[in-house]
Amino acid sequence: MNLPLLIGVMVVKILVVFVVFLTTIAYVVLMERKVLGFIQFRYGPNRVGPWGLLQPLADALKLIFKEDFTPPGANRFLFVLAPMIVGLTAFLPLAVIPFADKILPDTITIYGQKLDLTVASLNRGVIADVNIGLLYIFAVASMAVYGAVIGGWASNNKYSLLGALRLSAQMISYELALGLSVIGVLMISGTLSLVGIVEAQKNMWFIVYQPLGFVLFLTAAFAECARTPFDLIECENELVAGYQTEYSSMKWGLLMMGEYGHVVIASALTVTLFLGGWQGPFLPPVVWFLLKTFILIFFFIWVRGTFPRFRFDQLMYFGWKVLLPLSLVNILLTGIIMLYI
């Protein structure tokens, strides 16, 4: 085993996934603006580049050169730290989400040296195939709320603080349902490894066995990503822009990157848990994974252009008195069916 070459392969995998993820976030923003424009009978961005395809680059340049303003009375250290936390927690789940079965052969020869890529699963379509991948994602994703709460408090703005408090209440409420909704998947697959969960779906996707779990997970994911109709943390008619009211320039850009990054991760995780991951006929595995993921991203956008947001009391009622009991019922039914059938 050549350790430098193994490290080199891992670094290349990380860089490729990182660049693809950043590009995906940029064009998901453009996709949302185009789709919402179509839904609302108006044009989306169409001036920068052919068909507006360079609009994400123009937006990035604008944010980089925009004035970076820190409001008087704000806690400067925490005000700067908060967007970093939100942005970082959007990237970390990428480490364990599998996007293909294999992307490289089991062995390759470089400069006459044979390198065994089955070591540390370097040939797999995942950066790190760990046996607690799902727990890792839930642990990392739950850290995002700290960034938003810290940013709302550090801004020295009452609207920002109210948005941060709303977010913390919303995350606590819906993380319970989100976690419980995947218990049925874990009972069937018998593993916390996301690669193992995908491989367990080679004969039948888990959406067939867990239709209620799929609906509950996707609904809770909307709330975790604070997307319409659960975007109470930044509703402009009440809180200006919520916890991000005082942010500008690339600090605001990092917050937006985190929001859309969580949408991409939520879609990819839903595909992994319920829709067979990379499984599919005729097309390469990575194409199937990307196709399913973008269909779910489109669904996120479609819902935003279709439904109004809840009132906050309705949001809390729905989380505690609808999603949570149904998640427990789903676990009970899954256990009974597995025991007797």
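The values are calculated or read from the model by the stated rules, or taken from the named source; none is laboratory data. In this text, all values refer to a predicted model and were calculated from it rather than measured experimentally. Methodologically, a virtual Cβ is constructed for each residue, glycine included, from the backbone with ideal geometry; neighbour enumeration extends over all protein chains shown.
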Output for the stretch 51-87, where each listed residue is polar (S, T, N, Q) and part of a helix (DSSP H, G or I)
Gln55
Against the definition (among the aliphatic types (A, V, I, L, M), crowded, with 19+ Cβ neighbours inside 10 Å and not in a helix (DSSP H, G or I)), how does Ala226 come out, yes or no?
yes
Could you say whether any residue in the stretch 239-249 is farther than 30 Å from Leu78 by Cα, assigned to a loop (DSSP other than H, G, I, E, B), in contact (Cβ under 8 Å) with a residue 24 or more places away in the chain and not polar (S, T, N, Q)?
no
Only one of Leu161, Leu104 is surrounded by fewer than 22 Cβ atoms within 10 Å (Cβ to Cβ), aliphatic (A, V, I, L, M) and either part of a loop (DSSP other than H, G, I, E, B) or at pLDDT below 85 (or both); which?
Leu104
Filtering the stretch 197-206 for residues that are closer than 9 Å to Gly276 by Cβ and either surrounded by 15 or more Cβ atoms within 10 Å (Cβ to Cβ) or free of Cβ contacts under 8 Å to residues at least 12 places away in the same chain (or both) leaves a count of 5
Filter result for Val240 (at pLDDT 85 or above, surrounded by fewer than 23 Cβ atoms within 10 Å (Cβ to Cβ) and either among the aliphatic types (A, V, I, L, M) or under 20 Å from Ile295 (Cβ atoms) (or both)):
no
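So which residues in the stretch 243-285 are of a type in the set (Gly, Ala, Ser) and over 19 Å from Ala141 (Cβ atoms)?
First, the residues of the stretch 243-285 that are of a type in the set (Gly, Ala, Ser): 248-249, 253, 258, 261, 266-268, 276-277, 280.
Answer for the stretch 243-285, where residues must be of a type in the set (Gly, Ala, Ser) and over 19 Å from Ala141 (Cβ atoms): Ser248, Ser249, Gly253, Gly276, Gly280.
If I filter the stretch 179-191 down to residues being in contact (Cβ under 8 Å) with a residue 60 or more places away in the chain and outside any loop (DSSP other than H, G, I, E, B), which single residue comes out as surrounded by the fewest Cβ atoms within 10 Å (Cβ to Cβ)? Don't jump to the end; show me each part of the working.
To start, the set of residues in the stretch 179-191 that are in contact (Cβ under 8 Å) with a residue 60 or more places away in the chain comprises 180-185, 187-188, 191.
Keeping just the survivors that are outside any loop (DSSP other than H, G, I, E, B) gives 180-181, 183-185, 187-188.
Values: Leu180: 21, Ser181: 28, Ile183: 17, Gly184: 28, Val185: 24, Met187: 15, Ile188: 19.
Of everything passing the filter in the stretch 179-191, Met187 is surrounded by the fewest Cβ atoms within 10 Å (Cβ to Cβ).
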Condition first: within 20 Å of the chain's Cα centre (by Cα) and among the small types (Gly, Ala, Ser). Now tell me which residues in the stretch 152-174 satisfy that.
Ala164, Ser168, Ala169, Ser173
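Return yes or no: is Ala128 part of a loop (DSSP other than H, G, I, E, B) and at pLDDT below 85? Before you say what the answer is, go through the steps one by one.
On the way: part of a loop (DSSP other than H, G, I, E, B): yes; at pLDDT below 85: yes.
Here the answer is yes, as Ala128 does meet what is asked.
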Criterion: in contact (Cβ under 8 Å) with a residue 12 or more places away in the chain and under 25 Å from Asp231 (Cα atoms) - qualifying residue of Leu194, Leu176:
Leu176
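So is Tyr209 over 16 Å from Ala144 (Cβ atoms), surrounded by 17 or more Cβ atoms within 10 Å (Cβ to Cβ), hydroxyl-bearing (Ser, Thr, Tyr) and touching a helix residue (DSSP H, G or I) at 6+ places or on another chain (Cβ under 7 Å) or not?
Details: over 16 Å from Ala144 (Cβ atoms): yes; surrounded by 17 or more Cβ atoms within 10 Å (Cβ to Cβ): yes; hydroxyl-bearing (Ser, Thr, Tyr): yes; touching a helix residue (DSSP H, G or I) at 6+ places or on another chain (Cβ under 7 Å): yes.
The answer is yes for Tyr209.
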Is it the case, given these coordinates, that Phe69 is buried (at least 18 other Cβ atoms within 10 Å of the Cβ) and farther than 27 Å from Ala268 by Cβ?
no
For the stretch 36-46, indicate whether the set of residues that are touching a residue at least 12 places away in the same chain (Cβ under 8 Å) and in a helix (DSSP H, G or I) is non-empty.
yes
All-but-one check, Ala226 against (1) under 30 Å from Pro281 (Cβ atoms); (2) under 21 Å from the mean Cα position of the chain (by Cα), failing number (1)
Output for Cβ contacts, cut-off 6 Å, separation at least six or different chains, first residue farther than 21 Å from Gly258 by Cβ in the stretch 212-226, second crowded, with 20+ Cβ neighbours inside 10 Å and among the hydroxyl-bearing types (Ser, Thr, Tyr), reads Gly213/Ser181; Leu216/Ser181; Leu216/Ser327
